[in-house]
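Below is one structure, written out as structure tokens; comments come after it.
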Amino acid sequence: MVPYSEAIGRSKSEKLELHLKVLYDLLRDVMVLREAGGAVRNEDLRRELEAVARKVSFAWIRAAVQRVDELVELIRRNIQKSIALDALVVDLLR
């Protein structure tokens with residue numbers, strides 16, 4: 001996962017923001033599948049998202065969203081994107 005974060009981190013901020021929006025959508029889908037079931041935005045990934053939803057807790061999802069929120073704020077402050085993105089990946093793998 002880290003090689004992907006390094007590649008994304010080297011891209012422009014606008015592109016990183018698009019990746020983070022996708023991540024928000026994926027986290028939303030995991031939450032829907034974990035808590036209620038039903039329609040997800042990324043239907044093509046339902047099987048993979050269901051597997052993730054079975055492995056994570058509500059607290060993990062909430063913490064993941066908070067970490068992405070923090071990363072969005074740091075990007076606005078023009079921080080070192082690749083380091084912040086690597087930290088996010090490490091936190092999400094815990």
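Every number here is computed from the coordinates shown, using simple stated rules; none is lab data. Since this is a predicted model, take the numbers as computed values, not measurements. Neighbour counts run over all protein chains shown; Cβ positions are idealised from the backbone, glycine included.
Assorted remarks:
- FRET efficiency estimate (nearest 0.05) - Cβ-Cβ, D25 to S82, R0 22 angstrom: 0.45
- Compared with the alpha-carbon gap, the fully stretched path from K15 to D44 is longer by 8.2 nm at 0.36 nm per residue.
- Between A51 and E73, the modelled label-to-label distance comes to 3.4 nm, taking each label 7 Å out from Cα in the direction of the beta carbon.
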